[in-house]
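Quick note: the coordinates plus some simple rules give every number you see, no bench work behind them. In this text, all values refer to a predicted model and were calculated from it rather than measured experimentally. Glycine also receives a Cβ, built like all others from the backbone with ideal geometry; neighbour counts cover every protein chain displayed.
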Amino acid sequence: MNKNAKIYVAGHRGLVGSALMRQLNLQGYSNIVTRTHAELDLTHQQSVADFFATEKPEYVFLAAAKVGGIHANNTYPAEFIQENLAIQANVIHQSYLAGVKRLLFLGSSCIYPRDCQQPIKEEYLLTGPLERTNRPYALAKIAGIEMCWSYNRQYGTQYLAVMPTNLYGAGDNYHLENSHVIPALIRKFHEAKVNNQATVTVWGTGTPKREFLYSDDMAEACIFVLNLADGVFKPLLAKDRNDGLPPLLNLGSNNDLTIQELASLVKDVVGFGGEIVFDTTKPDGTMRKLMDSSRLNQLGWHAHTNFANGLRSAYQDFKSYYEDFS
C-alpha cells in the first residue's frame, strides 16, 4: 500500500479498528477514511452504496461487527446474525462495485467447530458442529469468508479473511455482561479492589484454555498481510486453487492458558488481594481454542508482545477510560 493510498477502516472505534488506526498512523499512512456509526450505518444498503461511490477507497479493512461474550451472544442471537450479515454484505459488495484493490475481512476463531482438533488449522473450517453459545455470530463470519471467496472467483477481486484469536488491548469494551473475558475480568478485579471485596466470582470451572493476542500485534499483522507482494498475496485468495482451502489466514500468538491461570494473572496485574471463586453453574464454552498460525508465521510475521506486559497496558487503558472506578 502506498503511504498516500486511500484506506477505509470500517469500525475504527472498536478494539480491532482502533488498533488498526494506531498502527496505520504509526507507519505513516496519511489518507485514512473513517465514519462513525452515527455518520454511516453499515447495515443500511443505500447509505453504504453512497459512501463507496463518493469516497472510492483503494483498500478496506472490514473490522466493523457486532461482538460480545457468551452472555451477549446468548441474549441477542438475532442481532448478532442479522447485523453482521448486513454489514458484511454491504461493505464487500460495494467494495467490488467501487473497484477496491484489496480488502481484509476480520473474523473470529469461533468460526471453527467446537470440538476441533488442536491447534486449529484453516482447513478445519466447516468440519464439525459449532459452539452453540455463539453460533449465530460464527455463521455470519463464515458467510463473510464465503462471500470473499465467491467474489474472488467470479470477479477476480483480492479479498482475504483473517481470523484473529481472542484479542485484548486499548479501546476494549469493559461491560461486565456483554464484554469478552479479559476486559470483564479487569473491571471485576478493579472494582473488587476499590470496594475492598473479599472475593471475585469468575464464570465456569476455570479449566477451559484460551489463546490471547494483543490488539496492536493483530493490527501489525493485518497491515503486513495487506502489503504482501502480489506473488505471495494472490495465492492466498483461493481463486485458482483446487485444494478447498478458502481465502483465510489464522492470526494468533501460538500460546494458550487456562481461565484459572488468566484470572490469577489479571488479579496480580490489578493488585486485588482477595480470593477467586469459580461459578461452576455458568457455561465454560469451548474447552480449548488454540489457533495454528503457521501459515502466517511462514510469511514472516510473529506476535511479539509479552502477555503480562499486554495485560498491564490494557489495565492502564481501562483506568484512563474509567477514572471514576479508581
Amide H contacts of residue 202 (H built 1.01 Å from N, under 5 Å, at least 5 apart or other chain): 277, 278, 279
Note, ³J(HN,Hα) from phi for segment 74-80, Karplus 6.51, -1.76, 1.60, rounded to Hz, x at Gly and Pro: 6, 7, 10, x, 5, 5, 5
Mean separation of Cα contacts under 8 Å, 6 or more apart, over the residue count of the chain: relative contact order %: 20 percent
Bridge type composition, segment 128-285 - antiparallel percent by DSSP, nearest 5: 20 percent
Label-point separation, residue 31 to residue 302 (7 Å along Cα→Cβ), nm: 3.6 nm
Average Cα contact separation per residue, segment 91-201, under 8 Å, 6 or more apart, as relative contact order %: 26 percent
Assigned charges on the beta-carbon of Lys, Arg, Asp, Glu; the chain dipole about Cα centre (debye): 440 debye
Full-stretch length increase - residue 173, residue 191 - with 0.36 nm per residue and alpha-carbon distance subtracted: 4.9 nm
GluC sites (Glu not before Pro) lying in DSSP loop within segment 37-105, provided at most 12 other Cβ fall within 10 Å: 39
Nonlocal amide H pairs with residue 106, under 5 Å, H built at 1.01 Å: 62, 162
Stretch gain in nm, segment residue 205-residue 38, where the contour uses 0.36 nm per residue and the Cα spacing is subtracted: 56.1 nm
Calculated from backbone phi, Karplus (6.51, -1.76, 1.60) coupling profile of segment 256-261 in Hz, x at Gly/Pro: 9, 8, 6, 4, 5, 5
Lysine pairs within segment 171-326, Cα separation less than 26 Å, 8 or more sequence positions apart or different chains: 15
Trypsin sites (Lys or Arg not before Pro) lying in DSSP loop within segment 85-131, provided at most 16 other Cβ fall within 10 Å: 101
